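Notes to accompany the following structure.
Read-outs: derived from the displayed coordinates by stated rules, not from any lab. Just so we're clear, the structure is a prediction, and the values are computed from it rather than from any experiment. Using ideal geometry, Cβ is built from the backbone for each residue, glycine included, and neighbour counts are taken over all protein chains shown.
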Amino acid sequence: MENSEVDEVAQLRSRILELERELELGSGQGSVDPGSFRSRRGWSITSGVLILLACLLAPLSVTAVWANTQMSDVDRYVQTVAPLAQDPAVQQAVADEVTAAVLQSTQVKDVTEELLGTLAQQPNVPPRVAAALPSLAGPITEGVETFTRRKVEDILSSDEFAKLWSQVNRTAHDQVVRLLAGDPDGVVTAQGDTVTLNLAPIVEQVEQELVSQGFTLAANVPDVERSFVLAQSRSITKAQSAYRLLDALGTWLPLVVVGHFAVGILVASDRRRALLRAALGLVAAMLLVGIALAVFRTTYVQSTPADMLSPAAAGDVFDTLVTFLRTGIRAVAVLGLVTALIAYLSGPSSTATRTRAVLVHGVDGLRDSAESAGWHAGRAGAWTFEHKRAVRTVVLVTAGFTLLFWPSPTALVVVGTAVVVALVLLVVEFLAKAAQPIEVPVSSTAG
């Protein structure tokens, strides 16, 4: 077919769809039944309300799923916080706390001054040396502090610390849940407006490393309760209340949202247009959540005192804890965009009809070329042609269930699924061909 013929076919199909819509709306010959019109209008309003409610509940649903799965699954929680062990800003903050704990417990400055003073009073020490000994307290103390800091940083950058960090957070997982549920006891505690993680196991490892390196004074370090600030906010109590609500909603709210979308689309007079609006509304809702998350991050970082957690560390901790939430937001937004694109391309617009005509023409051309080379679909092609709508439905439903039950769908998973579905539908179109009637040769009689 030439390009002009393709355009003509596209226009004819567009006109047929328009006529079918007019017949469906009762705008053909004769007058429109007022009762039927009111009924359709009522269903349209119901459809709009359901889709609007679904779009409004979608952000809360995504957040609820994140809170529910993030806190209830210990492996997911440890996987989330594990990257913090390699984060430079977090390592710096932990190093400050651990170094301060060790030096404070060993009292290096006091011990050094006392030792040098005792040496200066020894009778066999020359007067000039005795006078100079007290002045060495500062350099020796600084040297010990530098040595301790270097050993702490070496430990924090090692694989052993990454493992220890995961172990500490795995142990603390239950306490995190209890904290958010309102129980203030445990390794992770809420003191006023601060959430902290006990660093005692890490301090103990540093102590053992220092002793093995010859700094035996570190053996006198007692069990210390040194903490690392995981979060600081004036809204910890509100966060606890929000978590309890989200945890309760996380199991069934997504089903409610999907149900609202499904019913809203099914009762619409124009389901394709309803699907398009629902998809675009879902994208808009995810964009709003993303913007709100960015604003909340800025507020959180600015409200965190620098002496508790540096802005860089606070931002990194926040970004790490909401990693899976952001992933979910992006995945749902991409799903909405893909669905909107499908709904648009299935519509009666000239662009959509021309696109479909070009695709069909291309598939027909490939099939003709294959048949010219000797390939024939045979019974499989006839069966596919007869059940093409059912096959398409199965493919789309399978794709939907794949995304629904995927453990952690990402935007890449959504796009990949859409590409696979498109390829499968093209294969279906390629195989589908009506069975050809069997030609019975007609014999002619002479005379």
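Fully extending the segment from residue 107 to residue 284 would add 57.9 nm, taking 0.36 nm per residue of separation and subtracting the current Cα-Cα distance. A simple spin-label model places pseudo-atoms 7 Å from Cα toward Cβ; at residue 399 and residue 213 they are separated by 5.8 nm.
The modelled label-to-label distance between residue 345 and residue 269, using points 7 Å beyond Cα along the C-beta direction, is 2.9 nm. Mean silhouette area of segment 284-338, derived from the convex hull of its C-alpha atoms and averaged over all directions, reads 3.6 nm².
Simple spin-label estimate for residue 130 and residue 56 gives 8.7 nm between the two label positions (7 Å along the Cα-to-Cβ direction from each Cα).
How much length is gained if the chain between residue 73 and residue 49 is pulled fully straight, taking 0.36 nm per residue apart and subtracting their Cα-Cα distance, in nm to one decimal?
Details: separation 24, 0.36 × 24 = 8.64 nm, distance 3.52 nm.
Separation in residues times 0.36 nm, less the Cα-Cα distance, equals 5.1 nm.
Name the residue from 298, 320, 357 whose Cα lies farthest towards the positive end of the charge dipole of segment 296-400, charges +1 on Cβ of Lys and Arg and -1 on Cβ of Asp and Glu. Farthest along the dipole direction, towards plus: 357. For the pair residue 200 and residue 120 in one chain, pulling the backbone fully straight at 0.36 nm per residue adds 25.1 nm over the alpha carbon distance.
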